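*Asks:* Could you have a look at this structure, given as structure tokens, before my questions?
The values are calculated or read from the model by the stated rules, or taken from the named source; none is laboratory data. Everything numeric here is computed off the predicted structure, so don't read it as measured data. Reconstructed Cβ throughout: ideal geometry from the backbone, glycine too, with neighbour counts over all protein chains shown.
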């Protein structure tokens, strides 16, 4: 730099401008900002630290108390109530896999709603009814993929209601339920509704449970009668964000199809004791009848219709192939299935109660049944017609 203060071009490479004042001011401002931020967030930070410390202290205290009382290894168990959740309001659309495994199933959304008791709507339409019917069973009673006004539990009541005579119906069908699940629901949530007639239909779900688990009393994650309380982080998050989990579940179902409840047992060949299976099934039918009579309810048994014929369509034959890993072929399965329906007929005859033999009344055709056992609209309408004609006689006798 020259004496008169002018900057020579070369000086730019030898010296740096002096910015001490500006740098110091910036440093002071930055320091104040950091300090202020820390001061502003110190209370929040302290709260978080205290909250985490308290939580860990509570866990430590819980463990200590458990060891002191000798309950640290105890587990909480519950009796499983398999039901449709109350106050559902869904639109169910068949997945691509369900469509590929079915015939004459409409690819559309089916409304599916439940009342405060988890019964499928429409339900108990009349405030004062002359007769109330309770339909109990699995997915073939539930009729999820049938239009609301065509589901046979509802439609039966409509067909039986004439002039001033009013019939209420309860649809307590639940996908996957076997007869033991239904007995639990019957005793704890259906009997209190005081129905006049209870109609039970079971077969395929019982057979699936018995073939894979060997008994109704098992450790299956979906069907066991007793469950252990899940205290995992996943369970906590599910309870906290149930709607998010429901969305994820539907997405998974849309991609992979329905959950295979017996996947853990698919590769283990089983010893098939059909006499044991039939005895266990008959015992549950007898329990249902005994509960009904003890509570003043008229029991009715129904056989289950199907497309299990001597020479099945390919889609029906394929539906049973999953059982080959258990050492069961189509012919053996059909024999077992028909045997379950025979036991229903036998028990109804023994107790001299009403039998509705759908297995002999519904044509084994894709015109009425979309897969092995599930009805479409036409099938459900035919079922309602058959039931209403049979119950019309029973109701007139009881008047």
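*Asks:* Collect the residues in the stretch 228-244 that are closer than 18 Å to residue 81 by Cβ and either part of a helix (DSSP H, G or I) or modelled with pLDDT of 90 or more (or both), keeping them in residue-number order.
*Replies:* 235, 238, 239, 242 - these are the residues of the stretch 228-244 that are closer than 18 Å to residue 81 by Cβ and either part of a helix (DSSP H, G or I) or modelled with pLDDT of 90 or more (or both).
*Asks:* State whether the residues of the stretch 353-365 include one that is in a helix (DSSP H, G or I) and surrounded by 19 or more Cβ atoms within 10 Å (Cβ to Cβ).
*Replies:* yes
*Asks:* Within the stretch 320-352, which residues are in contact with a strand residue (DSSP E or B) (Cβ under 8 Å, 6 or more places away or on another chain), within 20 Å of residue 309 (Cα to Cα) and surrounded by fewer than 16 Cβ atoms within 10 Å (Cβ to Cβ)?
*Replies:* The answer is 345, and nothing else.
*Asks:* Still on this structure, I have one more. Given the residues 113, 129, which is the only one that is assigned to a loop (DSSP other than H, G, I, E, B), touching a strand residue (DSSP E or B) at 6+ places or on another chain (Cβ under 8 Å) and more than 23 Å from residue 179 (Cβ to Cβ)?
*Replies:* On inspection, the qualifying residue turns out to be 129.
*Asks:* Would you mind stating whether residue 319 is at pLDDT below 95 and either within 20 Å of residue 179 (Cβ to Cβ) or in a helix (DSSP H, G or I) (or both)?
*Replies:* Spelling it out, residue 319 is indeed at pLDDT below 95 and either within 20 Å of residue 179 (Cβ to Cβ) or in a helix (DSSP H, G or I) (or both).
*Asks:* With the requirement that a residue be in contact (Cβ under 8 Å) with a residue 40 or more places away in the chain and part of a loop (DSSP other than H, G, I, E, B), what does the stretch 63-92 give you?
*Replies:* Those that are in contact (Cβ under 8 Å) with a residue 40 or more places away in the chain and part of a loop (DSSP other than H, G, I, E, B): 75, 76, 80, 81, 82, 83, 84.
*Asks:* For residue 395, which of the numbered conditions (1) in contact with a strand residue (DSSP E or B) (Cβ under 9 Å, 6 or more places away or on another chain); (2) part of a helix (DSSP H, G or I); (3) surrounded by fewer than 20 Cβ atoms within 10 Å (Cβ to Cβ); (4) free of Cβ contacts under 8 Å to residues at least 60 places away in the same chain fails to hold?
*Replies:* Condition not satisfied by residue 395: (4).
*Asks:* Being in the same structural domain as residue 172 (by TED's automatic domain parsing), touching a residue at least 40 places away in the same chain (Cβ under 8 Å) and farther than 30 Å from residue 364 by Cβ: is that true of residue 117 here?
*Replies:* Against the criterion (in the same structural domain as residue 172 (by TED's automatic domain parsing), touching a residue at least 40 places away in the same chain (Cβ under 8 Å) and farther than 30 Å from residue 364 by Cβ), residue 117 qualifies.
*Asks:* If I filter the stretch 208-215 for residues that are assigned to a helix (DSSP H, G or I), crowded, with 21+ Cβ neighbours inside 10 Å and over 19 Å from the mean Cα position of the chain (by Cα), do I get at least one hit?
*Replies:* yes
*Asks:* Tell me yes or no: at least one residue of the stretch 281-296 is crowded, with 20+ Cβ neighbours inside 10 Å and part of a loop (DSSP other than H, G, I, E, B).
*Replies:* no
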